[in-house]
Amino acid sequence: MQTIEHFIGLMSGTSLDGVDGVLARINAQGRVEVQSHAFVAFEAPFKAELLALNQSGPDELHRSALAGNQIARRYAEVVHALLQQSGLQAQDITAIGAHGQTVRHRPLEFDGDLAAGHGAVGYTLQLINPSLLAELTRIDVVADFRSRDLAAGGQGAPLVPAFHQGVFGRMEATVAVLNVGGISNLSVLRPGGEVLGWDCGPGNALMDHWCAKHTGAAFDRDGAWAATGRVLPDVLADLMTEDFLHRAPPKSTGRDLFNPTWLQARLPKAALPAQDVQATLTEFTARACAQDVLRHAADAQTLIVCGGGALNSHLMDRLAHHLPALQVIGSDQRGLPPLQVEAAAFAWLAFKTVRRETSSLPSVTGAQGARVLGAIYPR
């Protein structure tokens, strides 16, 4: 008789819109079947606090701890919603995979004296109080998925390519999977089982910032506002000179780089039509992602897009424009809706942790070897 276990995956990404959660059945071979999905939005003041914590500020240790508690409470809301939808009880869930909220990601910070034999080990910070989440849900919690990979010399990101391989990989063809959250990341899944992955650059982060600043809306729904503007060639060309975009993988980034300060330094001092800047930022995201597909996955026939960016029809059109030889589709056309993919990945990562199985890929992060990721907080 085949063993089936239930796991919950929880993800709040760099878009900072809220928490997506899924409850999934996972069999002994690691096949994931999503049973239910729930979402809890972040209120505007809390989102503003998380954005502020991405930069140094007063009393940030205290504020980070309080924010971690708030993240745990919002995660718990999602867990209770999933249990209610499914009719399951806490004791029916093997574990929760809880990503937490990234507020700093600096994998290459120098830590030590190379001459003394110490390497460059950076850090990554995902705010959450996993002990509180275990207390509120009475379910084992797996958290802190990224630190072990960094300790092994890796980037700690992205962590989802191995999951992408299991869900979207094909034996007969190369498949590219693009996740467009606040930051965009690409997985390249080759027929022989080779998996590559890295962060391409900005996803929704800059577009959302500009839209909120000039329209008051949290994001540009369907890219409708961007579609009214025209791309500013000189501005786009300057944005595309960013060094990160031209570095070879493995590489990862975050709001530490692509933030409002970075953008403001690259915009002309003269006022520009706001809708034209939005069109240019959308084109920037599309161009940066398409550039990496063409460089590293030219043999792919399909680009599967997930994350919130997959719901931006204007961005999807621009991706298709730059990748005419590929079929550009949303992940829902491969059986998993765009807003469920990353949460499902963290359910699967928790499954791997509980079984003491490695889930990191040195080919993706550049670590010294595959590692068991995450720390377990018993209920």
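The values are calculated or read from the model by the stated rules, or taken from the named source; none is laboratory data. Fair warning: this is a prediction, and the values are worked out from it, not measured in the lab. Virtual Cβ from ideal backbone geometry, glycine too; neighbours counted across all protein chains shown.
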>> Between Ala265, Ala279, Ala271, Ala290, which is outside the structural domain of Asp20 (by TED's automatic domain parsing), at pLDDT below 95 and out of contact with any Ser or Thr (no Cβ under 7 Å at 6 or more places or on another chain)?
In response: Ala271
> From the set of residues in segment 242-293 that are among the charged types (D, E, K, R) and assigned to a loop (DSSP other than H, G, I, E, B), which is farthest from Ile329 (Cα to Cα)?
Replying inline: Lys269
> Which of the following residues is at pLDDT 95 or above, within 19 Å of the chain's Cα centre (by Cα) and among the polar types (S, T, N, Q): Thr14, Thr102, Thr94?
Replying inline: Thr102
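Go through Asp149, Asp140 for me and flag whichever is in the same structural domain as Ser360 (by TED's automatic domain parsing) and within 17 Å of Val195 (Cβ to Cβ).
Working: Asp140 fails: within 17 Å of Val195 (Cβ to Cβ).
Among Asp149, Asp140, only Asp149 is in the same structural domain as Ser360 (by TED's automatic domain parsing) and within 17 Å of Val195 (Cβ to Cβ).
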> What pairs can you find where one residue is in segment 225-244 and over 14 Å from Leu272 (Cβ atoms), the other is of a type in the set (Val, Ile, Thr) and outside any helix (DSSP H, G or I), and their Cβ atoms are less than 6 Å apart, with a gap of 6+ or different chains?
Replying inline: Phe244/Thr253
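In this structure, is Ala300 in a loop (DSSP other than H, G, I, E, B), in the same structural domain as Ala227 (by TED's automatic domain parsing) and at pLDDT 95 or above? It would help to see each step written out before you state the result.
Details: in a loop (DSSP other than H, G, I, E, B): yes; in the same structural domain as Ala227 (by TED's automatic domain parsing): yes; at pLDDT 95 or above: yes.
It is true that Ala300 is in a loop (DSSP other than H, G, I, E, B), in the same structural domain as Ala227 (by TED's automatic domain parsing) and at pLDDT 95 or above.
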>> Among the numbered criteria (1) under 24 Å from Leu127 (Cβ atoms); (2) out of contact with any Cys (no Cβ under 6 Å at 6 or more places or on another chain); (3) crowded, with 18+ Cβ neighbours inside 10 Å, which one does Asp256 miss?
In response: (3)
>> Being assigned by TED's automatic domain parsing to the domain that holds Val34, closer than 29 Å to Gln101 by Cβ and touching a helix residue (DSSP H, G or I) at 6+ places or on another chain (Cβ under 7 Å) is the requirement here; does Ala345 meet it?
In response: yes
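Against the condition modelled with pLDDT of 95 or more and farther than 27 Å from Leu10 by Cα, how does Leu311 come out, does it pass? Show your work before the answer.
Details: modelled with pLDDT of 95 or more: yes; farther than 27 Å from Leu10 by Cα: no.
No: the conditions fail for Leu311.
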> Looking at segment 113-145, which of the residues that are surrounded by fewer than 17 Cβ atoms within 10 Å (Cβ to Cβ) and either among the aromatic types (Phe, Trp, Tyr) or under 12 Å from Pro378 (Cβ atoms) (or both) is modelled with the lowest pLDDT?
Replying inline: Tyr123
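Condition check ((1) assigned by TED's automatic domain parsing to the domain that holds Gln85; (2) in contact with a strand residue (DSSP E or B) (Cβ under 7 Å, 6 or more places away or on another chain); (3) over 16 Å from Trp348 (Cβ atoms)) across all residues:
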| residue | (1), (2), (3) |
| --- | --- |
| Ala24 | yes, yes, no |
| Ala28 | yes, no, no |
| Gln35 | yes, yes, no |
| Val40 | yes, yes, yes |
| Glu43 | yes, no, yes |
| Ala48 | yes, no, yes |
| Pro58 | yes, no, yes |
>> Step by step: first the residues of segment 25-54, then only those that are of a type in the set (Phe, Trp, Tyr) and surrounded by fewer than 18 Cβ atoms within 10 Å (Cβ to Cβ), then the one that is farthest from Leu82 (Cα to Cα). Which residue is that?
In response: Phe46
